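Trainee: The structure follows.
The values are calculated or read from the model by the stated rules, or taken from the named source; none is laboratory data. On a predicted model such as this, the values are computed, not experimentally measured, just so you know. Here Cβ is always computed from backbone atoms with ideal geometry, including for glycine, and neighbour counts include all displayed protein chains.
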């Protein structure tokens, strides 16, 4: 039978009504539409993150230009500086320009040392990040710079950038020099120079430009107006200074010019240098050219109308002088000559130097060793010769301040002659000179003055295998004589001087201030080499009747000294040892010490390591004995001390000396007994802190058995003063005084600019102690403003 056809199904029905999976069949896979939706969401999220990052990066300079961000960065920088950096506004951009408004730098005393109203860098942040050496064009608008030297001789501008936590510098390996490219422009700048005790010197209208096409081609020019209105201008250029990234001047070329449009007034410059009261004009002209490593230069410095303001008021004749010089450097050799001519005299000097491929860094230790033993030493090969003749009368009449001539005295004649000065290095170094001062005459208010002539001569040489040979040293004057001759290993010198006559002669013409010398001194100095490693130096000197007018007292006595020197050698420092004996030291005819005073020492000096090792140093006298040993490191820097020792003092002898020096204390300060203690000193004594000894610590014990101070009788005392953290502390101590007691205890803080005394709360210094007449007078003298 034919089968009836199967009914047709709708495909959608098949899809929806297809066979159902049983419970035991595998789970169905996620729908394709859901997977596609998840991927789209992930892509969109990543795109949003990338867009946000791009926006963040794009606006990073703008964000960094906000005050909160750049002030935070400046705060981190300032935390490590002695000074402080400040910025009013900062504008950054990726493509440029970069602008800084109101850049200020203050020193550690909060004084402004630099102010730049506007700094503009042509390059943007991106260029500076990707090419730090190619900085483009930077313009400084109206910068104001203050160059101030403080009382310690340091520049406050340099102090501002010093680190609060300095770290030792590590030498960097030699390599190719950096290759900066760009241009620095200064517009309408100003510079003020300040020194203690001098009028500030202002320079204005400073315009300059420095062009760098790597260090191989450098050009610079400037123009400024000095305080007196003089225009000073200069320009310089150097090309082909490098070879394969390293400094090589053999092929370099360039030029240098410096000139002024008129004479510069000397007065303000002299006052800045500590010599006020001068007037006159100064003109400078410099021209130098460098071609293929050969330098040819000339300069002229002319002084016109030089005289003091006082002499100008008296219509005295001023002096003119001109210094001309020529310099040539070629084939590793230098030749220079100087010529000074004017109404007050003339002088000539010649200098020649021959370079060498061998290093010539000669130390003092090596020179001492060569002088004593004749060991060869690599002294630079140079020769200098000079002659001069100065008319002291003409110079003194125009500028008496330069010669320190007394007021009311006028030089009428006199010559200073340098007949010959020769200094030569190389294989056989020599030094010779002939100097004379003669025909010196002056006119005072009521008499004519004439000084005896002074002659000085020197002839010496450093010979290989023989050492220093002193053929002759002689100083001859009416009031002093000095003679020396012989090799360094067997050198004898004798000297004597009449200090009273010397002071009397010089004091007639020259202003010696408070200095007034009197007495006689004489002695000998003998050098004797014991072996290649030791030389004995014997010094015998006697000084009697020495007087210094400022204290109005006469000091006399005798000094004997014996010193041995062991010159430095490889891996061994210079060693000094010896003994000094002072006998019969007297003040105003009264003995300063009951007996002799002896100083014994044994010291090693290592110049390379900047250290001093004290193996032994002792002082012995009836009043005080002391011993100290240890080390002093970085003696030209922070002066790191690590010393220990002990002392012992006799109060009877100490107060007896005090009574002689200050007779008023004879009845008010009387102390009996002995004081002895060990002590230790550690830390830097000259650090860049306030005070310089802030981080140094030391302490010692002080005792006595009895004392009478301003009429108050006291019993035994035990004190323990100590110095630490810039504070001198005297711990609380009680001293019996009759039926009462004296309570001591205080701190002196040296860290403020003015040291302060701090008492530990309420302190009752005198407790049940009767106030004597002497003590009352002392207290009232401290309280009564009259």
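Trainee: If I ask for residues that are closer than 24 Å to residue 187 by Cβ and either part of a helix (DSSP H, G or I) or free of Cβ contacts under 8 Å to residues at least 60 places away in the same chain (or both), which ones from region 144-165 would you list? Even if it seems obvious, please write down each step before you answer.
Mentor: Residues of region 144-165 closer than 24 Å to residue 187 by Cβ: 144-148, 157, 160-161.
Those that are closer than 24 Å to residue 187 by Cβ and either part of a helix (DSSP H, G or I) or free of Cβ contacts under 8 Å to residues at least 60 places away in the same chain (or both): 144, 145, 146, 147, 148, 157, 160.
Trainee: Let me ask another. Among the residues of region 463-500, write down those that are under 21 Å from residue 524 (Cα atoms) and either part of a loop (DSSP other than H, G, I, E, B) or out of contact with any strand residue (DSSP E or B) (no Cβ under 8 Å at 6 or more places or on another chain) (or both).
Mentor: If the condition is that a residue be under 21 Å from residue 524 (Cα atoms) and either part of a loop (DSSP other than H, G, I, E, B) or out of contact with any strand residue (DSSP E or B) (no Cβ under 8 Å at 6 or more places or on another chain) (or both), then 477, 478, 479, 488, 489 are the ones that fit.
Trainee: Examine region 661-668 for a residue that is out of contact with any helix residue (DSSP H, G or I) (no Cβ under 6 Å at 6 or more places or on another chain), crowded, with 17+ Cβ neighbours inside 10 Å and not in a loop (DSSP other than H, G, I, E, B), and state whether such a residue exists.
Mentor: Start the filter on region 661-668 by keeping residues that are out of contact with any helix residue (DSSP H, G or I) (no Cβ under 6 Å at 6 or more places or on another chain), which leaves 661-664, 667.
Among the residues that remain, those that are also crowded, with 17+ Cβ neighbours inside 10 Å are: none.
There is no residue in region 661-668 that is out of contact with any helix residue (DSSP H, G or I) (no Cβ under 6 Å at 6 or more places or on another chain), crowded, with 17+ Cβ neighbours inside 10 Å and not in a loop (DSSP other than H, G, I, E, B).
Trainee: Sticking with this structure for a sec: Out of the residues in region 363-376 meeting the condition of being surrounded by 15 or more Cβ atoms within 10 Å (Cβ to Cβ) and assigned to a loop (DSSP other than H, G, I, E, B), tell me which one is modelled with the lowest pLDDT.
Mentor: At the first step, the residues of region 363-376 found to be surrounded by 15 or more Cβ atoms within 10 Å (Cβ to Cβ) are 365-375.
Now narrow it down to the ones that are assigned to a loop (DSSP other than H, G, I, E, B): 374-375.
On the way: 374: 79, 375: 82.
Residue satisfying both the conditions and the ranking: 374.
Trainee: Any chance you could count how many residues in region 377-396 are out of contact with any helix residue (DSSP H, G or I) (no Cβ under 7 Å at 6 or more places or on another chain) and at pLDDT below 85?
Mentor: The number of residues fulfilling the criteria is 1.
Trainee: Okay, moving on. Inspect region 256-272 for any residue being assigned to a strand (DSSP E or B), surrounded by fewer than 14 Cβ atoms within 10 Å (Cβ to Cβ) and not assigned by TED's automatic domain parsing to the domain that holds residue 147 and give the result as yes or no.
Mentor: Taking every residue of region 256-272 in turn, none turns out to be assigned to a strand (DSSP E or B), surrounded by fewer than 14 Cβ atoms within 10 Å (Cβ to Cβ) and not assigned by TED's automatic domain parsing to the domain that holds residue 147.
Conditions tested, residue by residue: (1) part of a strand (DSSP E or B); (2) more than 14 Å from residue 389 (Cα to Cα); (3) without any contact (Cβ under 8 Å) to a residue 12 or more places away in the chain.
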site	(1), (2), (3)
316	no, yes, no
323	yes, yes, no
328	yes, yes, no
346	yes, no, no
349	yes, no, no
352	yes, yes, no
356	no, yes, no
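Trainee: Output the number of residues of region 416-445 satisfying the condition of being more than 33 Å from the chain's Cα centre (by Cα) and in a strand (DSSP E or B). It would help to see each step written out before you state the result.
Mentor: To start, the set of residues in region 416-445 that are more than 33 Å from the chain's Cα centre (by Cα) comprises 416-417, 419-420, 427-428, 434, 436-445.
Of the ones still in play, those that are also in a strand (DSSP E or B) are 416-417, 419-420, 434, 436-443.
The total comes to 13.
Trainee: Restricting attention to region 79-109, which residues are within 21 Å of residue 165 (Cβ to Cβ) and buried (at least 16 other Cβ atoms within 10 Å of the Cβ)?
Mentor: Correct list: 81, 82, 83, 84, 85, 105, 106, 107, 108.
Trainee: Can you go through 228, 248, 285, 207 and tell me which one is surrounded by fewer than 16 Cβ atoms within 10 Å (Cβ to Cβ) and without any contact (Cβ under 8 Å) to a residue 12 or more places away in the chain?
Mentor: Values: 228 fails: without any contact (Cβ under 8 Å) to a residue 12 or more places away in the chain; 285 fails: without any contact (Cβ under 8 Å) to a residue 12 or more places away in the chain; 207 fails: without any contact (Cβ under 8 Å) to a residue 12 or more places away in the chain.
Exactly one residue qualifies, and that residue is 248.
Trainee: Being in a strand (DSSP E or B) and farther than 16 Å from residue 432 by Cα is the filter here; which residues of region 449-462 pass it? Spell out how you get there, then give the answer.
Mentor: Initially, region 449-462 is screened for residues in a strand (DSSP E or B), giving 449-450, 454-462.
Listed by number, the residues that qualify are 449, 450, 454.
Trainee: Name every residue in region 335-353 that is buried (at least 16 other Cβ atoms within 10 Å of the Cβ) and over 31 Å from the mean Cα position of the chain (by Cα), in order of residue number. Lay out the reasoning, then the answer.
Mentor: Taking region 335-353 and keeping what is buried (at least 16 other Cβ atoms within 10 Å of the Cβ), we get 336, 338, 340, 342, 344-345, 347, 349, 351, 353.
Scanning region 335-353 gives 340, 342, 344, 345, 347.
Trainee: Considering only residues that are modelled with pLDDT of 90 or more and surrounded by fewer than 18 Cβ atoms within 10 Å (Cβ to Cβ), look in region 460-477 and name the one that is farthest from residue 409 (Cα to Cα).
Mentor: 461
Trainee: Which residue is modelled with the highest pLDDT, if the candidates are limited to region 79-100 and must be closer than 20 Å to residue 130 by Cβ and assigned to a loop (DSSP other than H, G, I, E, B)?
Mentor: Applying the filter and picking the extreme gives 97.
Trainee: Under 6 Å by Cβ, and 6 or more places apart or on different chains, what pairs join a residue from region 650-661 that is in contact (Cβ under 8 Å) with a residue 12 or more places away in the chain and at negative phi with one that is crowded, with 17+ Cβ neighbours inside 10 Å and in a strand (DSSP E or B)?
Mentor: Short answer, once both residue conditions are applied: 651/671; 651/704; 655/671.
Trainee: I would also like to ask the following. Among (1) surrounded by fewer than 16 Cβ atoms within 10 Å (Cβ to Cβ); (2) in the same structural domain as residue 296 (by TED's automatic domain parsing), which single condition is residue 238 missing?
Mentor: (1)
Trainee: Okay, moving on. Within region 197-216, which residues are touching a strand residue (DSSP E or B) at 6+ places or on another chain (Cβ under 7 Å) and either over 18 Å from residue 138 (Cα atoms) or assigned to a loop (DSSP other than H, G, I, E, B) (or both)? Walk me through it before giving the result.
Mentor: If we filter region 197-216 for residues that are touching a strand residue (DSSP E or B) at 6+ places or on another chain (Cβ under 7 Å), which is where we start, we get 200-216.
200, 201, 202, 203, 204, 205, 214, 215, 216 - these are the residues of region 197-216 that are touching a strand residue (DSSP E or B) at 6+ places or on another chain (Cβ under 7 Å) and either over 18 Å from residue 138 (Cα atoms) or assigned to a loop (DSSP other than H, G, I, E, B) (or both).
Trainee: Further, regarding this structure: Within region 116-125, identify whether any single residue is closer than 30 Å to residue 752 by Cα and assigned to a strand (DSSP E or B), and answer yes or no.
Mentor: No: region 116-125 contains no residue that is closer than 30 Å to residue 752 by Cα and assigned to a strand (DSSP E or B).
Trainee: For residue 405, state whether it is more than 22 Å from residue 336 (Cβ to Cβ), touching a helix residue (DSSP H, G or I) at 6+ places or on another chain (Cβ under 8 Å) and surrounded by 15 or more Cβ atoms within 10 Å (Cβ to Cβ).
Mentor: Working: more than 22 Å from residue 336 (Cβ to Cβ): yes; touching a helix residue (DSSP H, G or I) at 6+ places or on another chain (Cβ under 8 Å): yes; surrounded by 15 or more Cβ atoms within 10 Å (Cβ to Cβ): yes.
Against the criterion (more than 22 Å from residue 336 (Cβ to Cβ), touching a helix residue (DSSP H, G or I) at 6+ places or on another chain (Cβ under 8 Å) and surrounded by 15 or more Cβ atoms within 10 Å (Cβ to Cβ)), residue 405 qualifies.
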